[in-house]
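**Q** The structure that follows is given in the form of structure tokens.
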Amino acid sequence: MSPAPGFFRRRLELAGRACVPRLEALRRGRGGDAAAALAGALLVTAFAPFGWYPLAVLMPWALLWLLAPLSPRQAARRGFLFGAAEFACGVYWIYISVHVVGGAPSWVAFLMLLTLTAIMAAYTALVCALTVHWAPQTGWRRDLMLFPALWTSAEWLRSWFLSGFPWLSLGYSQIEGPLEGYAPLLGVFGLSLAAVLSAGLLNRAAARGASARARVAALAALIAVWAAGAGLATLQWTRPAGPPIQVSLLQGDVPQDEKWAPEAFLPTLDLYRELTDKRWTSRLIVWPEAAIPAYEDEVWSDYLDPLRADARRHKTDLLLGVPTQDFSNDHYYNSVISVGASDGVYHKRHLVPFGEFFPVPEWVRHWLALMDLPYSDFTAGEAEQPLLRAAGYAVGVSICYEDAFGDEVMRDLPQAAFLVNVSNDGWFGDSIALPQHLQIARMRAAETGRYLLRATNTGLTAIVDEHGALRGLAPRAQVATLDGILQPLTGSTPLKRWGNSAVLVLSLLSVLAAAWAERRAGGRSP
């Protein structure tokens with residue numbers, strides 16, 4: 001005998017009514033704190049290597065929903081738990097870099113990871129506290145104006161404040177999603193804004209007591225945001241500057257614990273020379289960061305000068321990662337040099353704190369020496385440096401961590417016809433930092449409308465096109481040469497013209513409009 005008409009509908013309604021009190025109890029109690037931490041941990045899977053980019057909308061939505069019954073102080077706690085779980089799970093590799101690879105004591109590595117996690121979580125705590133303080137009642141002002149704008153502003157702030165740490169900015173997770181089309185217009189922070197706005201629209205569509213009209217409007221707006229991103233991704237913002245050229249990227253896979261050992265010096269030089277000798281048919285060959293484990297002047301006459309002669313004879317240009325030094329002022333640089341038709345040097349501008357320089361007083365340095373802790377200092381290169389030239393074009397060069405700072409990469413445009421990033425991601429071990437770093441590099445290509453060549457010591461070596469798509473990827477953790485075609489490009493994306501100012505102005509106007517609307521409403525529920 002079949003059930004009566006409407007039986008299943010009534011059962012679903014009853015089940016829904018039974019769940020509501022339980023969900024309300026969850027988000028009002030300690031269970032809500034646990035749920036916030038879980039959501040933060042799950043957010044990491046939106047990024048590489050997992051690539052579940054819809055979670056970059058669903059997890060902020062979960063956090064927004066969990067803020068509904070809270071005071072600003074409670075919201076700050078819940079936001080802190082969300083951010084702490086996110087960064088503890090997303091950048092655990094710092095422990096590997098500092099202790100396993102760097103050789104520092106485990107307690108130092110753990111303390112650095114704990115400190116960074118707490119600082120990053122404080123940004124999320126501030127976002128949640130201000131959202132609830134400025135919009136005490138849940139509604140469209142909180143969901144669609146304050147929360148997206150404050151989240152985006154916090155990401156921008158942490159990208160430069162105290163030297164900056166833009167890792168896990170939400171927009172990076174969207175490099176393979178429909179929202180990627182916003183990258184040439186609004187950059188990675190614009191993608192973050194679109195993702196969190198989408199979370200707010202979902203919260204409005206699922207809000208209790210919302211009218212059918214309001215739900216439909218929220219869902220229609222959500223579809224419009226994503227459809228517009230997909231449409232923008234089909235546009236070509238730059239144009240060819242000349243014919244395609246053949247390139248080769250070298251990956252020596254020299255273990256980090258052997259890289260600077262005296263017995264590995266000559267084998268390393270021989271390895272890169274051998275790999276290069278097999279690729280003289282390429283117009284451009286790129287070596288990784290610090291591929292030569294010695295200062296440039298120490299190997300110039302016996303190694304680099306003959307290499308330059310061969311490069312000129314074959315009409316091939318080389319970009320090589322090598323440390324350099326300035327004897328006049330006793331400065332040491334992490335550098336890339338151009339060898340071939342156009343000689344030149346680029347000094348890394350944005351150094352890694354506690355990795356390439358130690359921003360600590362002299363007494364701390366003395367303590368580090370007494371504790372036998374590894375530390376070293378490079379000097380930052382000038383902000384404005386002449387662009388290197390290779391294969392007949394100006395090149396936008398970045399070294400390792402520098403590609404995480406989009407505004408700094410953008411400074412080389414529109415002169416640069418393509419981008420080159422050299423890195424030694426051997427510091428990350430076999431962790432998720434490697435695909436995360438590649439994802440960041442891909443965003444720089446999409447933002448600038450330029451090809452990007454990425455040569456690394458152990459991986460992930462890649463060729464990325466002007467839309468951020470992979471055109472070639474070398475196998476990780478083995479000696480390899482990645483051959484491919486590079487298309488030099490000219491022109492500027494809208495992001496070059498207005499930088500991050502557009503998304504920051506949008507965020508500021510959103511906050512001001514929300515404050516005005518809240519004041520006009522007198523704090524009443526919308």
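The values are calculated or read from the model by the stated rules, or taken from the named source; none is laboratory data. Quick caveat: nothing in here was measured; it's all calculated off a predicted structure. Quick reminder, even Gly has a Cβ in these numbers, built from the backbone with ideal geometry, and neighbours come from all protein chains shown. Heavy atoms of the whole protein, side chains included, go into the accessibility calculation; ligands, DNA and RNA do not. Shrake-Rupley method; radii C 1.70, N 1.55, O 1.52, S 1.80 Å.
**Q** Where the second residue is part of a loop (DSSP other than H, G, I, E, B) and buried (at least 19 other Cβ atoms within 10 Å of the Cβ) and the first is free of Cβ contacts under 8 Å to residues at least 24 places away in the same chain and of a type in the set (Ser, Thr, Tyr) and lies in region 488-500, which pairs have Cβ atoms under 8 Å and are six or more apart or on separate chains?
**A** none
**Q** A follow-up question, please. From the list Ala129, Ala118, exactly one residue is in a helix (DSSP H, G or I), under 30 Å from Ala210 (Cβ atoms) and either of a type in the set (Asp, Glu) or open to solvent by 10 Å² or more (accessible area, probe 1.4 Å) (or both). Which is it? If you could, list the steps in order and put the result at the bottom.
**A** Values: Ala118 fails: under 30 Å from Ala210 (Cβ atoms).
Of the residues listed, the single one that is in a helix (DSSP H, G or I), under 30 Å from Ala210 (Cβ atoms) and either of a type in the set (Asp, Glu) or open to solvent by 10 Å² or more (accessible area, probe 1.4 Å) (or both) is Ala129.
**Q** Among the candidates Asp297, Asp253, Asp330, which residue alone is open to solvent by 10 Å² or more (accessible area, probe 1.4 Å), in contact with a Ser or Thr (Cβ under 8 Å, 6 or more places away or on another chain) and at positive phi? Working first, answer last.
**A** Values: Asp297 fails: at positive phi; Asp330 fails: in contact with a Ser or Thr (Cβ under 8 Å, 6 or more places away or on another chain).
Criteria check complete, one pass: Asp253.
**Q** Something else: Before we move on, is Glu296 under 15 Å from Val397 (Cα atoms) and touching a residue at least 12 places away in the same chain (Cβ under 8 Å)? Talk me through it step by step, then tell me what you get.
**A** Working: under 15 Å from Val397 (Cα atoms): no; touching a residue at least 12 places away in the same chain (Cβ under 8 Å): yes.
No, not satisfied.
**Q** Could you check how many residues of region 161-190 are open to solvent by less than 10 Å² (accessible area, probe 1.4 Å) and without any contact (Cβ under 8 Å) to a residue 24 or more places away in the chain?
**A** Total satisfying the criteria: 1.
**Q** Could you figure out which of (1) modelled with pLDDT of 95 or more; (2) under 16 Å from Ala129 (Cα atoms) isn't true of Phe47?
**A** So the condition that Phe47 fails would be (2).
**Q** Let me ask something additional. Can you find, within region 378-400, the residue that is modelled with the lowest pLDDT among those that are of a type in the set (Gly, Ala, Ser) and farther than 23 Å from Tyr295 by Cβ? Steps first, answer last, please.
**A** Residues of region 378-400 of a type in the set (Gly, Ala, Ser): 380-381, 383, 390-392, 394, 396, 398.
After this cut, where a residue has to be farther than 23 Å from Tyr295 by Cβ as well, the list is 383, 391-392, 394, 396.
Details: Ala383: 87, Ala391: 95, Gly392: 94, Ala394: 97, Gly396: 97.
Only one residue fits best here, namely Ala383.
**Q** Kindly establish whether Val91 is touching a Cys at 6+ places or on another chain (Cβ under 7 Å) and closer than 24 Å to Leu191 by Cα. Step through it out loud before you land on a result.
**A** Details: touching a Cys at 6+ places or on another chain (Cβ under 7 Å): no; closer than 24 Å to Leu191 by Cα: yes.
Criteria not met by Val91.
**Q** Related question: Restricted to region 256-270, and to residues that are open to solvent by less than 40 Å² (accessible area, probe 1.4 Å) and touching a residue at least 12 places away in the same chain (Cβ under 8 Å), which residue is nearest to Gly103 (Cα to Cα)?
**A** At the first step, the residues of region 256-270 found to be open to solvent by less than 40 Å² (accessible area, probe 1.4 Å) are 256, 259, 261, 264, 268-269.
Pick out the ones that are also touching a residue at least 12 places away in the same chain (Cβ under 8 Å) and you get 256, 259, 264, 268-269.
On the way: Gln256: 11, Lys259: 14, Ala264: 19, Thr268: 22, Leu269: 25 Å.
Of everything passing the filter in region 256-270, Gln256 is nearest to Gly103 (Cα to Cα).
**Q** Also, I was wondering about something else. So if I check each of Leu113, Leu191, Leu157, Leu185, which one is part of a helix (DSSP H, G or I), aliphatic (A, V, I, L, M), more than 25 Å from Asp407 (Cβ to Cβ) and within 19 Å of the chain's Cα centre (by Cα)?
**A** On the way: Leu191 fails: more than 25 Å from Asp407 (Cβ to Cβ); Leu157 fails: more than 25 Å from Asp407 (Cβ to Cβ); Leu185 fails: more than 25 Å from Asp407 (Cβ to Cβ).
Only one candidate passes the filter, namely Leu113.
For (1) part of a loop (DSSP other than H, G, I, E, B); (2) modelled with pLDDT of 95 or more; (3) under 18 Å from Ser423 (Cβ atoms); (4) of a type in the set (Asp, Glu), each residue gets a yes or a no:
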site: Pro255; (1), (2), (3), (4): yes, no, yes, no
site: Glu274; (1), (2), (3), (4): no, yes, no, yes
site: Thr281; (1), (2), (3), (4): yes, yes, no, no
site: Pro288; (1), (2), (3), (4): yes, yes, yes, no
site: Tyr303; (1), (2), (3), (4): no, yes, no, no
site: Ala309; (1), (2), (3), (4): no, yes, no, no
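**Q** Any chance you could count how many residues in region 241-268 are of a type outside the set (S, T, N, Q) and within 16 Å of Tyr295 (Cα to Cα)?
**A** First, pick out the residues of region 241-268 that are of a type outside the set (S, T, N, Q): 241-245, 247, 249-250, 252-255, 257-267.
Pick out the ones that are also within 16 Å of Tyr295 (Cα to Cα) and you get 259-262, 264-266.
Of the residues in that region, 7 qualify.
**Q** Next question, about the same structure. Only one of (1) modelled with pLDDT of 70 or more; (2) open to solvent by less than 70 Å² (accessible area, probe 1.4 Å); (3) in contact with a helix residue (DSSP H, G or I) (Cβ under 8 Å, 6 or more places away or on another chain); (4) not aliphatic (A, V, I, L, M) fails for Gly29. Which number is that?
**A** Only one criterion in (1) modelled with pLDDT of 70 or more; (2) open to solvent by less than 70 Å² (accessible area, probe 1.4 Å); (3) in contact with a helix residue (DSSP H, G or I) (Cβ under 8 Å, 6 or more places away or on another chain); (4) not aliphatic (A, V, I, L, M) is unmet by Gly29, namely (3).
**Q** Related question: Touching a strand residue (DSSP E or B) at 6+ places or on another chain (Cβ under 8 Å) and open to solvent by less than 50 Å² (accessible area, probe 1.4 Å): does that describe Val345?
**A** Details: touching a strand residue (DSSP E or B) at 6+ places or on another chain (Cβ under 8 Å): yes; open to solvent by less than 50 Å² (accessible area, probe 1.4 Å): no.
Judged against the criteria, Val345 is not a match.
**Q** Being among the aliphatic types (A, V, I, L, M) and more than 32 Å from the chain's Cα centre (by Cα) is the filter; apply it to region 278-331 and report the residue that is farthest from Leu460 (Cα to Cα). Walk me through it before giving the result.
**A** Filtering region 278-331 for residues among the aliphatic types (A, V, I, L, M) gives 284-286, 290-292, 294, 299, 304, 307, 309, 311, 318-320, 322.
Filter once more, so that each one left must be more than 32 Å from the chain's Cα centre (by Cα): 299, 304, 307, 309, 311.
On the way: Val299: 27, Leu304: 26, Leu307: 26, Ala309: 30, Ala311: 26 Å.
Only one residue tops the list, namely Ala309.
**Q** Kindly provide the set of residues from region 281-293 that are open to solvent by less than 60 Å² (accessible area, probe 1.4 Å) and without any contact (Cβ under 8 Å) to a residue 60 or more places away in the chain, ordered by number.
**A** Initial filter on region 281-293 (open to solvent by less than 60 Å² (accessible area, probe 1.4 Å)): 282, 284-293.
Across region 281-293, the qualifying residues are Ile285, Ile292, Pro293.
**Q** Name the residue, out of Phe87, Phe80, that is over 26 Å from Leu179 (Cβ atoms), under 22 Å from the mean Cα position of the chain (by Cα) and in a helix (DSSP H, G or I). Working first, answer last.
**A** Numbers: Phe87 fails: over 26 Å from Leu179 (Cβ atoms).
Checking each option against the conditions leaves just Phe80.
**Q** Collect the residues in region 380-412 that are open to solvent by 20 Å² or more (accessible area, probe 1.4 Å) and part of a strand (DSSP E or B), keeping them in residue-number order.
**A** Once the filter is applied, which keeps residues that are open to solvent by 20 Å² or more (accessible area, probe 1.4 Å) and part of a strand (DSSP E or B), region 380-412 yields Arg389, Tyr393.
**Q** Taking Leu482 as meeting all but one of (1) over 18 Å from Leu191 (Cβ atoms); (2) under 20 Å from the mean Cα position of the chain (by Cα), write down the number of the exception.
**A** Of (1) over 18 Å from Leu191 (Cβ atoms); (2) under 20 Å from the mean Cα position of the chain (by Cα), only one is false for Leu482: (2).
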